[in-house]
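The values are calculated or read from the model by the stated rules, or taken from the named source; none is laboratory data. All figures in this text were calculated on a predicted structure; none of them were measured in a lab. Cβ atoms come from the backbone with ideal geometry, glycine included; neighbour counts cover every protein chain shown.
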Amino acid sequence: MKLIITVDTERDNEWKRPDKTSLENIKFLPRFQELCERYGFKPTYLLTYEVATDPSSIAILKPWQEKSTAEIGAHMHPWTSPPFEKDEFWENKVHRFPHELSDGEIRDKLAVLTQSIINNFGIRPKSFRAGRWGFDKRVASELIRQNYIVDSSVTPKISWKNTKGDPSGQGGPDYRFFPASPYFLDPQNISAPGHSSLLEIPMTVLFTGVFKKENNIFGKLVLSLPESFLKKVINRLFVRLKWLRIFQNSTKADFKRIYKAAQKNKLPFIQFMIHSSELMPGGSPYAKNEEDIERSYRQLETMLAYFKDQGLQGTTLSEFYYDFK
Ligand SMILES: [Zn+2]
């Protein structure tokens, strides 16, 4: 089994919807990179436009790409990604999902983001993640057209329908019944394997309770229930849906459960994700101060040590593609 580590590399505290862009958090990344290297794992940094065009951020990230101790990919936040057809102030206020953009906006914003990485890093990015997980068949088709080979915007078992972007839109995508395994997606139906050149490498979100099998009837039933207290209780007791992330209360037992569930389902990989801003004190709601950061690093260390002990090998998104193909 492989371990894929992905970092949404973006401006400080996006949750606050700041008026002004600051990128202090990027200066905190070397500690994370060093930790991954110490355990022999190789992260994929998915960059937003503001990071890909900021000289001090480039100076930090580019050497890792050049030494091949990390991969650089793209992460689209439409509200900071030019060109702006709509009012920039409005964009920044509503945070539209990429799948809510017009065809022309998807095409142009992706082209500018891609070109900024080519210009500043000397490589064409091959891996992509949509901001706020906002992905659909139009985004998929444009990624294929612009020569991307990996998308990692799918969060199986999760629906973002109740998360609003454009006030007149339908909310985020519903990925509840999407596969947890990697698949070359069908651009006409992105939930199904097809014959395109774009490999979907979903986020690792698994059932880790009594019923660990993907597509088990009980799990499907629970996913179909509307959000409620009862659903939370059933989830706690039987289903135990878990993301491979670190939260305030994540422990080794959680990483173990996820690994066991992945094994049971014969997954060829598990994928961890973190936002770059989570690694700076006050950079995100997840880590408000230095103590929180130290706790996060203890959890990261526990997780990486455990996965290394289990014999997991590190790989980046596009390296996984070449192996898988
Ligand atoms: Zn993001």
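Report, by residue number, each residue of region 31-77 that is acidic (D, E) and either at pLDDT below 95 or under 15 Å from E10 (Cα atoms) (or both). So that I can check it myself, show each step before the final result.
At the first step, the residues of region 31-77 found to be acidic (D, E) are 34, 37, 50, 54, 66, 71.
Answer for region 31-77, where residues must be acidic (D, E) and either at pLDDT below 95 or under 15 Å from E10 (Cα atoms) (or both): E50, D54.
Any chance region 253-269 includes a residue that's farther than 14 Å from F207 by Cα and of a type in the set (V, I, T)?
No, region 253-269 contains no residue that is farther than 14 Å from F207 by Cα and of a type in the set (V, I, T).
Hey, could you check region 210-257 for residues that are among the aliphatic types (A, V, I, L, M) and within 23 Å of the chain's Cα centre (by Cα) and say which is nearest to E301 (Cα to Cα)? Step through it out loud before you land on a result.
Residues of region 210-257 among the aliphatic types (A, V, I, L, M): 210, 217, 221-223, 225, 230, 233-234, 237, 239, 241, 244, 246, 253.
Right, trim to within 23 Å of the chain's Cα centre (by Cα) and you get 223, 239, 241, 244, 246, 253.
On the way: L223: 32, V239: 27, L241: 23, L244: 14, I246: 11, A253: 14 Å.
Among them, the one singled out is I246.
For region 246-273, what are the residues that are out of contact with any Leu (no Cβ under 8 Å at 6 or more places or on another chain) and β-branched (V, I, T)?
Result: T251, single match.
Scanning for something surrounded by 17 or more Cβ atoms within 10 Å (Cβ to Cβ), in contact (Cβ under 8 Å) with a residue 12 or more places away in the chain and among the charged types (D, E, K, R), does region 20-39 turn up at least one residue?
No, because not a single residue in region 20-39 is surrounded by 17 or more Cβ atoms within 10 Å (Cβ to Cβ), in contact (Cβ under 8 Å) with a residue 12 or more places away in the chain and among the charged types (D, E, K, R).
Taking region 108-123 only, how many residues are closer than 10 Å to A74 by Cα and not hydroxyl-bearing (S, T, Y)?
Final tally of qualifying residues: 3.
So the check is Cβ under 6 Å with 6+ separation or different chains; which pairs have a first residue in region 64-92 that's over 14 Å from Y45 (Cα atoms) and a second one that's away from the ligand (no atom under 16 Å from the Cβ) and assigned to a helix (DSSP H, G or I)?
What qualifies is P82/V112; P83/D108; E85/E105.
Any idea which residue in region 78-119 is nearest to N147 (Cα to Cα), counting only those that are at pLDDT 95 or above and of a type in the set (D, E)?
D108
Looking at D12, D8, which one is charged (D, E, K, R), within 15 Å of the ligand (Cβ to nearest atom) and under 28 Å from L312 (Cα atoms)?
So the residue among D12, D8 that is charged (D, E, K, R), within 15 Å of the ligand (Cβ to nearest atom) and under 28 Å from L312 (Cα atoms) is D8.
Which condition breaks for S318 when tested against (1) in contact with a strand residue (DSSP E or B) (Cβ under 8 Å, 6 or more places away or on another chain); (2) closer than 19 Å to W243 by Cβ; (3) small (G, A, S)?
Failed condition: (2).
Conditions (1) surrounded by fewer than 19 Cβ atoms within 10 Å (Cβ to Cβ); (2) not polar (S, T, N, Q), marked per residue:
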| position | (1), (2) |
| --- | --- |
| S141 | yes, no |
| S152 | no, no |
| P156 | no, yes |
| K161 | yes, yes |
| K164 | yes, yes |
| G169 | yes, yes |
| G172 | no, yes |
| F177 | yes, yes |
| S181 | yes, no |
